[in-house]
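Novice: First the structure, which I've put down as structure tokens, then a few questions once you've had a look.
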Amino acid sequence: MHVCHELNDTDRHTVEEKTSVLNVSRVVVSQKTTKLGNHFRRSDMKLYCLSGHPTLPCNVLKFKSTTIMLDCGLDTTAALYFLPLPLVHSPRLSKLPGWVSKDGAINLEKELKECSGRVFVDSQPEFCLPEKELLDLSTIDVILISNYHCMMALPYITEHTGFTGTVYATEPTLQIGRLLMEELVTFMERVPKAHAATCWKNKEIQRLLPAPLKDAVDVWSWRKCYSMQEVNSALSKVQLVGYSQKVELFGAVQVTPLSSGYSLGSSNWIIQSHYEKVSYVSGSSLLTTHPQPMEQSSLKNSDVLILTGLTQIPTANPDGMLGEFCSNLAMTIRAGGNVLVPCYSSGVIYDLLECLYQFMDSANLGTTPFYFISPVANSSLEFSQIFAEWLCQNKQSKVYLPEPPFPHAELIQTNKLKHYPSIHGDFSSEFRQPCVVFTGHPSLRFGDVVHFMELWGKSSLNTIIFTEPDFSYLDALAPYQPLAMKCVYCPIDTRLNFHQVSKLLKDIQPLHVVCPEPYTQPPPAQPHRSDLMLELQPPPMAYRRCSVLGLPFRRRYERIQLLPELVKQVGQSLFLLVNVQLAKSLVPSEIKAGVSVATVSAVLQSKDNKHVLQPVPKPAPVPPSKKRKRVMEEAPETLNPKPLLSGAVPLEPFLAMLYKNGIREVKVEETTDGHILHLQAEDVLIQLEEDATHIICDNNEPLRTALRDLVLHFLQKL
């Protein structure tokens with residue numbers, strides 16, 4: 001049964017009764033909800049996908065007149081196309097031959113260098129930015145950050161697009177994100193390049209280059225690293241939030257961060273209005289590590305769940321990888337070799353140090369020095385100790401003993417772990433071998449790691465252990481070939497795998513799931529592994545870079561407030577905030593047991609996405625005429641609105657009613673919206689739809705009136 005049923009009985013060429021919602025609106029109010037008419041209808045919710053990297057997302061959600069960017073990840077894998085930046089002059093890299101095409105037609109000796117059968121760009125490494133042309137980024141109202149790895153493109157967005165909005169993130173995400181950005185800038189500024197390579201990006205030249213350079217995508221959108229000034233300006237726009245803190249956006253929607261269990265301060269986000277709910281799940285973990293556990297219950301009852309940031313190594317078990325890491329490290333140290341661990345300055349390194357703390361004595365490694373080298377090493381180790389409220393319960397409890405939550409504090413006190421800003425200065429005088437070095441960058445293209453690759457790469461006693469999953473280790477090693485040192489791949493990625501996320505989705509049951517395209521098909525290298533993809537009903541909506549998705553639901557209801565605040569009961573179970581004058585005019589009608597409906601004539605005021613019904617103002621009294629004195633002039637009487645119709649017109653009883661009234665030749669045609677009845681003898685069409693009935697006839701007023709009365713027989717006037 002429908003509260004509003006439209007009856008349109010018209011001449012074939014002229015629509016006689018057409019209602020429009022302007023200042024004075026006729027609104028049916030039920031349970032503080034109003035069905036959206038043309039006055040309120042917005043365009044469908046849309047998702048703009050600006051990144052093609054599943055674990056470094058950047059999407060823009062348009063919802064209820066707000067534009068929300070979900071993360072702004074920076075794809076640093078583009079750095080793999082470039083030569084490493086050595087901190088100390090490298091004779092090997094400086095002697096690499098320039099590249100010239102076989103026919104000699106293309107000479108890019110100054111831009112491209114050959115190394116072990118591959119060609120690299122000899123310039124400062126560049127990064128692939130989120131797409132900037134898909135929509136006007138200056139219209140973004142807010143940016144929601146899920147974790148510190150997914151905010152590395154923030155300065156490109158806030159400083160170069162006209163962005164004037166606010167960025168929301170937790171405090172650990174902000175502070176550790178700042179450290180990662182500062183480290184990246186320092187790595188680049190320590191080894192400046194005199195020239196920038198651009199000729200190779202020409203489309204006609206690029207397609208003639210050897211692989212993988214010729215296959216690089218969107219090379220003209222690649223950019224050099226930002227500056228610290230841009231970093232500081234971007235981060236000044238961040239507003240801190242805590243878990244479960246509700247933030248109102250322009251009165252339209254409310255956003256709430258939830259613990260995602262992946263890293264210190266990492267968040268999933270709930271974006272909801274009164275009647276719609278979107279969950280954004282990015283970089284989440286159900287494993288017991290150092291962050292707070294993932295909050296799942298608040299994700300239930302979502303209309304749409306946007307899913308990103310699953311594990312990049314779905315077949316690797318993190319605990320098994322930690323075991324391999326420790327055993328390979330011990331084997332190398334016992335043989336008199338050194339171990340190099342390329343890593344980020346925050347995140348997995350905390351777990352690696354904790355694992356080694358427990359492993360060292362049992363493996364007789366107590367005297368082996370451990371070095372952590374990064375421009376932000378000291379700050380990173382300190383931050384991990386002071387963000388106690390963002391840690392899991394086990395580590396929080398240690399703070400009150402008092403005991404440091406992470407064991408690396410004890411390693412530092414006992415001189416087993418030493419940290420340095422770079423290989424220069426104190427490190428060069430205190431360095432001794434064999435040792436274990438943790439340093440960046442995991443791409444092996446910049447940072448102190450480049451020096452150790454050149455220093456240790458020629459000896460088979462040494463080992464490099466890859467633990468970060470963001471880069472192909474074979475591509476990372478390519479410019480160092482031929483390489484004598486051993487290579488071990490132990491990627492540790494604690495994010496959700498496909499089995500875990502399938503179980504999670506069964507528990508929280510969103511109506512629709514949106515995810516990157518790679519999650520909807522098996523890995524290209526393992527096409528038979530259907531367990532390494534999302535199989536859902538309904539199937540997930542997949543996106544790729546530069547795609548625009550219309551999310552699969554329409555906004556049908558909007559909350560309206562009636563002022564001032566006088567509570568009045570309407571019917572048996574409905575309570576509204578009603579103006580005294582409006583309250584007196586409400587005449588509730590029971591349309592079925594327990595449900596009453598009242599119509600109201602009022603002025604609709606919409607401001608800041610809040611909608612208020614106010615009494616229709618009385619017309620101002622007409623001033624008395626000078627020629628003729630009147631005691632009092634009354635305002636013109638406001639006409640009462642015509643009643644609304646409720647209910648539906650059932651097909652079979654209506655046909656029986658027509659037959660009873662002598663109309664027997666009726667042809668019935670089924671449509672997507674209902675039925676069309678052709679009264680053949682009378683040459684009349686009747687369209688029966690879900691919430692409207694249209695009677696169309698030619699200049700036969702008595703027949704039109706009779707048919708209208710038959711329709712009204714099945715409807716209730718409100």
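Novice: Being surrounded by fewer than 12 Cβ atoms within 10 Å (Cβ to Cβ), among the basic types (Lys, Arg) and at pLDDT 90 or above is the requirement here; does LYS486 meet it? Talk me through it step by step, then tell me what you get.
Specialist: Details: surrounded by fewer than 12 Cβ atoms within 10 Å (Cβ to Cβ): no; among the basic types (Lys, Arg): yes; at pLDDT 90 or above: yes.
Answer is no for this residue.
Novice: Can you tell me which of VAL649, VAL668, VAL711 is assigned to a strand (DSSP E or B) and hydrophobic (A, V, I, L, M, F, W, C)?
Specialist: Values: VAL649 fails: assigned to a strand (DSSP E or B); VAL711 fails: assigned to a strand (DSSP E or B).
The match here is VAL668.
Novice: Continuing with the same structure: If the Cβ limit is 6 Å and pairs must be 6+ apart or interchain, which residue in the stretch 154-176 that is within 22 Å of SER244 (Cα to Cα) pairs with which residue that is basic (Lys, Arg)?
Specialist: VAL167/LYS237
Novice: Within the stretch 467-495, track down each residue that is closer than 19 Å to PHE82 by Cβ and touching a helix residue (DSSP H, G or I) at 6+ places or on another chain (Cβ under 9 Å). Talk me through it step by step, then tell me what you get.
Specialist: Residues of the stretch 467-495 that are closer than 19 Å to PHE82 by Cβ, as a first pass: 468, 470-481, 483.
The answer is GLU468, ASP470, PHE471, SER472, ASP475, ALA476, LEU477, ALA478, PRO479, TYR480, LEU483.
Novice: Just a yes or no: is a residue in the stretch 354-367 within 38 Å of the chain's Cα centre (by Cα) and among the aliphatic types (A, V, I, L, M)? Give the derivation first.
Specialist: Kept after step one, since they are within 38 Å of the chain's Cα centre (by Cα), are these residues of the stretch 354-367: 354-358.
Add one more test, that the residue is among the aliphatic types (A, V, I, L, M), and what stays is 356.
Checking the stretch 354-367: at least one residue is within 38 Å of the chain's Cα centre (by Cα) and among the aliphatic types (A, V, I, L, M).
Novice: A further question follows. Name the residue that is farthest from GLU189 (Cα to Cα), counting only residues in the stretch 414-458 that are under 43 Å from the mean Cα position of the chain (by Cα), charged (D, E, K, R) and open to solvent by 10 Å² or more (accessible area, probe 1.4 Å).
Specialist: Restricting to residues being under 43 Å from the mean Cα position of the chain (by Cα), charged (D, E, K, R) and open to solvent by 10 Å² or more (accessible area, probe 1.4 Å), the top hit is LYS416.
Novice: Among the residues of the stretch 153-191, how many are in a loop (DSSP other than H, G, I, E, B), out of contact with any strand residue (DSSP E or B) (no Cβ under 6 Å at 6 or more places or on another chain) and surrounded by fewer than 23 Cβ atoms within 10 Å (Cβ to Cβ)?
Specialist: Count: 5.
Novice: When residues of the stretch 687-718 are filtered for being over 30 Å from VAL595 (Cα atoms), free of Cβ contacts under 8 Å to residues at least 40 places away in the same chain and not polar (S, T, N, Q), how many remain?
Specialist: 3
Novice: Ok, one more. Is it true that some residue in the stretch 599-608 is over 30 Å from GLN254 (Cβ atoms), open to solvent by 90 Å² or more (accessible area, probe 1.4 Å), at pLDDT 70 or above and more than 38 Å from the chain's Cα centre (by Cα)? Steps first, answer last, please.
Specialist: First pass over the stretch 599-608, keeping only residues over 30 Å from GLN254 (Cβ atoms): 599, 601.
Narrowing further to those that are open to solvent by 90 Å² or more (accessible area, probe 1.4 Å): none.
So far as the stretch 599-608 goes, no, none of its residues is over 30 Å from GLN254 (Cβ atoms), open to solvent by 90 Å² or more (accessible area, probe 1.4 Å), at pLDDT 70 or above and more than 38 Å from the chain's Cα centre (by Cα).
Novice: Got a number for residues in the stretch 105-140 being in contact with a Phe, Trp or Tyr (Cβ under 7 Å, 6 or more places away or on another chain) and touching a residue at least 24 places away in the same chain (Cβ under 8 Å)?
Specialist: Selection size over the stretch 105-140: 18.
Novice: Okay, moving on. Which of the numbered conditions does ASP319 fail, given that it passes all the others? Conditions: (1) open to solvent by 10 Å² or more (accessible area, probe 1.4 Å); (2) more than 30 Å from PRO524 (Cβ to Cβ).
Specialist: (2)
Novice: Here is a follow-up. Output the residues belonging to the stretch 489-524 that are acidic (Asp, Glu) and either surrounded by fewer than 16 Cβ atoms within 10 Å (Cβ to Cβ) or in a helix (DSSP H, G or I) (or both).
Specialist: Keep residues of the stretch 489-524 that are acidic (Asp, Glu), which gives 493, 507, 517.
If the condition is that a residue be acidic (Asp, Glu) and either surrounded by fewer than 16 Cβ atoms within 10 Å (Cβ to Cβ) or in a helix (DSSP H, G or I) (or both), then ASP507, GLU517 are the ones that fit.
Novice: Counting only residues that are part of a loop (DSSP other than H, G, I, E, B) and of a type in the set (Val, Ile, Thr), which one in the stretch 308-363 is modelled with the lowest pLDDT?
Specialist: Our first condition is that a residue be part of a loop (DSSP other than H, G, I, E, B); within the stretch 308-363, this holds for 309-317, 335-338, 343-347, 360-363.
Restricting the remaining residues to those that are of a type in the set (Val, Ile, Thr) gives 311, 313, 315.
Details: THR311: 94, ILE313: 92, THR315: 89.
Looking at residues that are part of a loop (DSSP other than H, G, I, E, B) and of a type in the set (Val, Ile, Thr), I get THR315.
Novice: Quick test for you: out of GLU276, GLU295, pick the one residue that is touching a residue at least 12 places away in the same chain (Cβ under 8 Å) and out of contact with any Asp or Glu (no Cβ under 6 Å at 6 or more places or on another chain). Walk me through how you get there before you give the answer.
Specialist: Details: GLU276 fails: out of contact with any Asp or Glu (no Cβ under 6 Å at 6 or more places or on another chain).
Among GLU276, GLU295, only GLU295 is touching a residue at least 12 places away in the same chain (Cβ under 8 Å) and out of contact with any Asp or Glu (no Cβ under 6 Å at 6 or more places or on another chain).
Novice: Still on this structure, I have one more. For the stretch 51-65, which residues satisfy the criterion of being of a type in the set (A, V, I, L, M, F, W, C) and either in a strand (DSSP E or B) or over 30 Å from GLY251 (Cβ atoms) (or both)?
Specialist: Kept after step one, since they are of a type in the set (A, V, I, L, M, F, W, C), are these residues of the stretch 51-65: 56, 58, 60-61, 63.
Passing the criteria: LEU56, VAL60, LEU61, PHE63.
Novice: Just to be sure I understand, how many residues within the stretch 279-293 are in a loop (DSSP other than H, G, I, E, B), open to solvent by less than 20 Å² (accessible area, probe 1.4 Å) and either more than 12 Å from ASP493 (Cα to Cα) or of a type in the set (S, T, N, Q) (or both)? Reasoning before the result, please.
Specialist: As a first pass, look at the stretch 279-293 and keep what is in a loop (DSSP other than H, G, I, E, B): 283-290, 292-293.
This time we only want the ones that are open to solvent by less than 20 Å² (accessible area, probe 1.4 Å), so: 283-285, 290.
From what is left, the residues that are either more than 12 Å from ASP493 (Cα to Cα) or of a type in the set (S, T, N, Q) (or both) are 284-285, 290.
Adding up the residues that qualify gives 3.
Novice: Can you name every one of the strands (runs of 3 or more DSSP E) wholly within the stretch 73-148 that holds 2 or more residues which are within 30 Å of PRO291 (Cβ to Cβ)?
Specialist: Working: elements: 98-100, 107-115, 118-121, 142-144.
In the stretch 73-148, the matching strands (runs of 3 or more DSSP E) lie at 142-144.
The values are calculated or read from the model by the stated rules, or taken from the named source; none is laboratory data. Computed from a predicted model, the values in this text were never measured in an experiment. Note that each Cβ is placed from the backbone with ideal geometry, even for glycine, and that neighbours are counted across all protein chains shown. The protein model used for the area step is the full one, side chains on, heavy atoms only, and it has no ligands, DNA or RNA in it. Shrake-Rupley method; radii C 1.70, N 1.55, O 1.52, S 1.80 Å.
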